[in-house]
Amino acid sequence: AQAIQPRDDTATALDAAIAKYGFRIVETEVQSDSARPRICAVFSEDLVKAGVDYAPFVQLPEPGLTVDRASARQLCVEGVEHGKRYAVTFREGLPAADGQTLVKSVAVTLYVRDRTPAVAFPGRGYVLPRTGSAAIPVETVNTDTLELSLFRVTDRNLLRAIQGDYFGAPMRAYAEDAFSGEVGERLWTGTASVVRDVNRDVTTRLPMDGAIAGLSAGIYALKAAIPGADPYEDPAAWQWFVISDLGVTTMLGVDGLHVFVRGLGDAGAKAGVTVELVSRANAVLGSTQTDAMGYARFDAGLTRGHGGAEPALVVVKDGASDLAFLSLTDPEFD
């Protein structure tokens, strides 16, 4: 009707129908928290998978910007910069996979804000060498201060930390109270100063010598948070680590579990260290000591338990001065 005789009332009815049922933009978003921000439009129907260049259907405000089909229903404008405002027009005729087209052009103006302050630890690795100074790298964005808390988990609570998904994974804000109240002991709190390079990732080496000086061997968890941040919106980062010179390797065969312990500093065999085999129920299935070659073995019968009696962890102790562990439930090669 509108094509035959344009009228205001049919134009209004057509707009209302398109808004409810037609091919249209249902949402726009600015993905500004990544190092490479972008502006995206989400459509009501799938876009054409292949064979259509969508760049001519998007009017860009300046050269150097590109158009990318980011997902089945999403077109994104790449190359935008933080701190700038962009006017983008999605042109009439932009096609959907089902044959529909955009009935009329849609202009949007969006601001790419600065990145939200954030903190993260770059790796999952958790063994720090005993030789030299102990330090942990941390990545930050748009902050110059971090709030730090250091926790210790005893070897008797280590399995519980692994089974509770605390160890080696991001800890959610709702889980922190349970962790600090039942699993880990808070040893130290402090702050760290880091370099702020606006909207860029900055890696800082956090020296841990002062925080762990005089502490016995154990497993530690370092919490780093943005001051004043909402822990649910911008959660803290967690890094587990153990400072040790004990390198542990295990091999499982029909004749039992073989454990080899060598020094990380000199690769020499560690003789006379205690090796414990711990079950899923956190019971010590067996305990032995390494020989002159740094070797220990647990009988095959100890490795064949089921349920709570199944082996879950190997813990190695060199008196009260050093400690290391190896999970038997994780993938064989990490």
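Any read-out appearing in this document is the output of simple, stated calculations on the displayed coordinates, not a laboratory observation. Given the structure is predicted, the values throughout are model-derived calculations rather than measurements. No Cβ is skipped: glycine too gets one built from the backbone with ideal geometry, and neighbour counts run over all protein chains shown.
Annotations for the structure displayed:
- Whole-Hz couplings from phi, Karplus 6.51/-1.76/1.60, listed for the stretch 145-159; x for Gly and Pro: 9, 10, 9, 10, 9, 10, 10, 10, 10, 6, 4, 6, 9, 5, 4
- Using the rule -39500 (n - 2.57) for each DSSP H run of four or more residues, divided by the residues of the chain, the 222 nm mean residue ellipticity is -2500 deg cm²/dmol.
- The chain - percent relative contact order, Cα under 8 Å, separation 6 or more: 12 percent
- Derived scalar couplings between HN and Hα for the stretch 49-55 equal 5, 8, x, 10, 8, 7, 4 Hz in order, rounded to whole Hz, by the Karplus curve 6.51 cos²θ - 1.76 cosθ + 1.60 (θ = phi - 60°), x for Gly and Pro.
- Amide hydrogen neighbours beyond the local backbone of Leu94, cut-off 5 Å, H modeled: Leu102
- Peptide packing for 306-313, 255-262, 14-21 was compared via the average number of neighbouring C-beta atoms within 10 Å per residue; ordered from the highest value, the list is 255-262, 306-313, 14-21.
- Taking amide H atoms as placed 1.01 Å from N in the peptide plane, the amide H of Ser244 lies under 5 Å from those of Leu128, Arg130, each 5 or more residues away in sequence or on another chain.
- Angle in degrees between helix 8-21 and the longest Cα principal axis of the chain, rounded to the nearest 10: 20 degrees
- Equivalent ellipsoid dimensions for the stretch 88-155 as semi-axes, Å, which come from the Cα gyration tensor, largest first: 51, 17, 11
- Radius of gyration over Kirkwood radius for the chain, both on Cα atoms: the Rg/Rh ratio is 1.17.
- Amide H contacts of Phe167 (H built 1.01 Å from N, in plane; Pro and chain starts excluded): Ile162 sit under 5 Å, all sequence-distant by 5 or more or on other chains.
- Rounded to the nearest 20 debye, dipole of the stretch 251-313 from Cβ charges on Lys, Arg, Asp, Glu: 80 debye
- Here the stretch 194-259 and the stretch 288-329 have alpha carbon centers that stand 23 Å from each other.
- In sequence order, calculated HN-Hα J values of the stretch 252-267 (Karplus, 6.51, -1.76, 1.60; Hz; x Gly/Pro): 10, x, 5, 9, x, 9, 9, 10, 10, 10, 10, x, 6, x, 10, 6
- Gyration tensor (alpha-carbon) shape descriptor, the stretch 22-68, a/c threshold 1.5: oblate
- Looking at the stretch 65-165, the GluC sites (Glu not before Pro) that sit in a DSSP loop and have at most 16 other Cβ atoms within 10 Å of their own Cβ are Glu81, Glu92.
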